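What follows is a set of notes on a single structure, which appears directly below.
The values are calculated or read from the model by the stated rules, or taken from the named source; none is laboratory data. Keep in mind the model is a prediction, meaning the values are calculated, not measured. So basically every Cβ, Gly included, is an ideal-geometry build from the backbone, and we count neighbours across all protein chains shown.
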Amino acid sequence: MRLKICGATRTADIALLADGGADLVGLWCGVPGGHADLPADRLGSLAGAVSASGMTPVLVTFLSSSAAVVDLAAAAGVEWVQLHGYQQPGTARALKAAGLTVVKVLHVRDGRCLETPLIGAYERAGVDLFLLDAVGTDGALGSTGQSLDPAVVLEVAEAVTRPFLLAGGLRADSAGEFRAVSGHPRFAGIDVDSGSRGTDGRFDRDRIALLRREWTDRAVAG
């Protein structure tokens, strides 16, 4: 079970995330208005710190230009890219041609996956993993803190043939609610932002370690 923590912005975050048991670290760049959006030069320095700590940096972006994303990833030394907007399958295909690992977010709103008609095209384009996340009530994407219905997650899981990560307001105590999801053969792990932070809004090592423990135990039991 992979634990992805999203929204790191400080070098001090990196050691804490590693100590808490994170595997993947989401670094935002090209996320206009995002609370953790980074300038390109800062992306590179943090990505290097993530890699040096034994974790994998993931560029999280809304950019739709494949050339811009490839250039950004290359400059930062990042090999994983998460397409968090409504990018088309052709963008994923171009990133795969550049040798990148591609995570494509599938957005769920009102109990329906908005990208269902495109899942086959994304898979043919070479997407490596999907990430299931909730759309905010105002249409916002990413770190909305809104949870998904486990039954809807299982429906989407049956529609894909690639592994998937689960996001959407997850906490350590959400693991029991999603036991059937974590037991699914294509379940690859979770992606957490707000649930990994303390009341001060900073990452909390103990919360991250608890996420790791609770979700790993449920996945193993499943």
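In segment 197-209 there is no residue matching the filter, namely being in contact (Cβ under 8 Å) with a residue 40 or more places away in the chain and under 23 Å from Asp128 (Cα atoms).
Highlighted here are the strands (runs of 3 or more DSSP E) found entirely within segment 1-79 that include at least 3 residues which are under 24 Å from Ala92 (Cβ atoms), free of Cβ contacts under 8 Å to residues at least 40 places away in the same chain and not basic (Lys, Arg): 56-61.
The combined condition, being at pLDDT 95 or above, surrounded by 16 or more Cβ atoms within 10 Å (Cβ to Cβ) and either out of contact with any strand residue (DSSP E or B) (no Cβ under 6 Å at 6 or more places or on another chain) or not small (Gly, Ala, Ser) (or both), is not fulfilled by Ala75.
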